[in-house]
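The values are calculated or read from the model by the stated rules, or taken from the named source; none is laboratory data. Please read these numbers as outputs of a predicted model, since none were measured by experiment. Neighbour counts are summed over all protein chains in view; Cβ atoms, including those assigned to glycine, are modelled from backbone coordinates with ideal geometry.
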């Protein structure tokens, strides 16, 4: 039987006994322990019958032998991109594991994302200790602050060398991971003994090869109450429409699961599926029938949905500091178009538009996310200590695994329009498939 373990870059031999070996409670992983990628029977049969064979990921966890001497190294932590529930939990977990378990005495927290690693940073890094991070997991945001945008890799590498940082923990989404991979590649070219470990942070839950990223469950929990408010607002006005815009630039996971968490949602619109506004069976037609029957409706729309409906002059397209295209506001667009369409049809509607994005991003992590952050932080430290680099620690098939950062960042994970999740959304909302059929070419262009 042909099998293949996805290889993770390493800096060199693990020839030092881990200080965890003296702790009787430690359970060590062997290097051949791994987690299978595909789990469905037909997928396994197809893999066995092909040249690819079965693919496995390394299982995360402490090793008996490590690469770095904890007493002689310094470690760094940086948080990048937008805020997300759980950032402080990850910081705390990494600091406590490094200090209390491995005995690392110098841990630096770099301020405002990769900007804090620039040649002449505006702010000096924090010295982090278990005492300084005590209780931060009960707060939202990040004590290190964050930012978007690249910094020249040679400057970052120079700062790491200057500060004698041997392991850098980069906490962020796909942009952060692209940056971490570039830093690791540059460090390898220069022959430097520095490990770069990424921890997956994106509230959209769209990182490739990972089942979930931290902050996602908190976002779903918080959005549930927002949708309940939208439902009450809709019922409180004649032909009321509660319209909630949730995060999800390219992936509709938050919108989908928030819809399932609240069975009062009648329409769920996501980036993966173009939808039709006009004509029989289109959005306006179905919404009208809903209002005529029930006199209220609730709509959940992901921020990246329907962008093709709002034509933008290519010369006027803007990007943020991370290079992401600034999206048009689908929530405001739908609010305006619903008002306009029903006014022209001489039918009263009252649209209540709610955009809770910053509220969802900035709250403390809930219990499940907080525990997940603790696990990610601990395993990120275990990986860094063994000299693994250019990798992200994440969750797959109910296990924590190592994934090469280039693999995790090569594309976004999306909701499968033919998969069980979306089928369940359709069953919950009872919205007809006609919304997503026969979309005119001018509307379906992404």
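Identify, by number, the condition in (1) at pLDDT 95 or above; (2) over 21 Å from the mean Cα position of the chain (by Cα); (3) not in a strand (DSSP E or B) that residue 120 doesn't meet.
Of everything listed in (1) at pLDDT 95 or above; (2) over 21 Å from the mean Cα position of the chain (by Cα); (3) not in a strand (DSSP E or B), residue 120 misses just condition (1).
Scan the stretch 39-62 for residues that are farther than 22 Å from residue 211 by Cβ and either surrounded by 24 or more Cβ atoms within 10 Å (Cβ to Cβ) or out of contact with any helix residue (DSSP H, G or I) (no Cβ under 7 Å at 6 or more places or on another chain) (or both) and report the count.
Going through the stretch 39-62 one residue at a time, the tally reaches 5.
Could you please give the count of residues in the stretch 161-181 that are without any contact (Cβ under 8 Å) to a residue 40 or more places away in the chain and over 22 Å from residue 102 (Cβ atoms)?
Residues flagged as without any contact (Cβ under 8 Å) to a residue 40 or more places away in the chain and over 22 Å from residue 102 (Cβ atoms) within the stretch 161-181 amount to 1.
Could you list all residues from the stretch 97-117 that are in contact (Cβ under 8 Å) with a residue 60 or more places away in the chain and at negative phi?
Hits for the stretch 97-117 are 97, 98, 101, 102, 114.
For (1) in a loop (DSSP other than H, G, I, E, B); (2) surrounded by 23 or more Cβ atoms within 10 Å (Cβ to Cβ); (3) modelled with pLDDT under 95; (4) in the same structural domain as residue 370 (by TED's automatic domain parsing), each residue gets a yes or a no:
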| site | (1), (2), (3), (4) |
| --- | --- |
| 88 | no, yes, no, yes |
| 93 | no, yes, no, yes |
| 96 | no, no, no, yes |
| 129 | yes, no, no, yes |
| 146 | yes, yes, yes, yes |
| 150 | yes, no, yes, yes |
| 155 | no, no, no, yes |
| 161 | no, no, no, yes |
| 178 | no, no, yes, yes |
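Of everything in the stretch 182-227 that's in contact (Cβ under 8 Å) with a residue 60 or more places away in the chain, over 19 Å from the mean Cα position of the chain (by Cα) and closer than 23 Å to residue 268 by Cβ, which residue is surrounded by the most Cβ atoms within 10 Å (Cβ to Cβ)?
Ranking the candidates gives 227 first.
Are there strands (runs of 3 or more DSSP E) fully within the stretch 327-440 with at least 1 residues that are out of contact with any helix residue (DSSP H, G or I) (no Cβ under 8 Å at 6 or more places or on another chain), assigned by TED's automatic domain parsing to the domain that holds residue 207 and under 28 Å from residue 6 (Cα atoms)? List them.
So the answer is 391-396, 399-404.
What tally of residues in the stretch 28-73 results from selecting those that are closer than 19 Å to residue 98 by Cβ and either outside any helix (DSSP H, G or I) or in contact with a strand residue (DSSP E or B) (Cβ under 8 Å, 6 or more places away or on another chain) (or both)?
Selection size over the stretch 28-73: 13.
Suppose we keep only residues that are part of a helix (DSSP H, G or I) and touching a strand residue (DSSP E or B) at 6+ places or on another chain (Cβ under 7 Å) within the stretch 232-260. Which one would you say is surrounded by the fewest Cβ atoms within 10 Å (Cβ to Cβ)?
Ranking the qualifying residues of the stretch 232-260, first place goes to 235.
Run down 83, 108 and say which single residue is closer than 24 Å to residue 366 by Cα and not in a helix (DSSP H, G or I).
Exactly one of 83, 108 is closer than 24 Å to residue 366 by Cα and not in a helix (DSSP H, G or I), namely 83.
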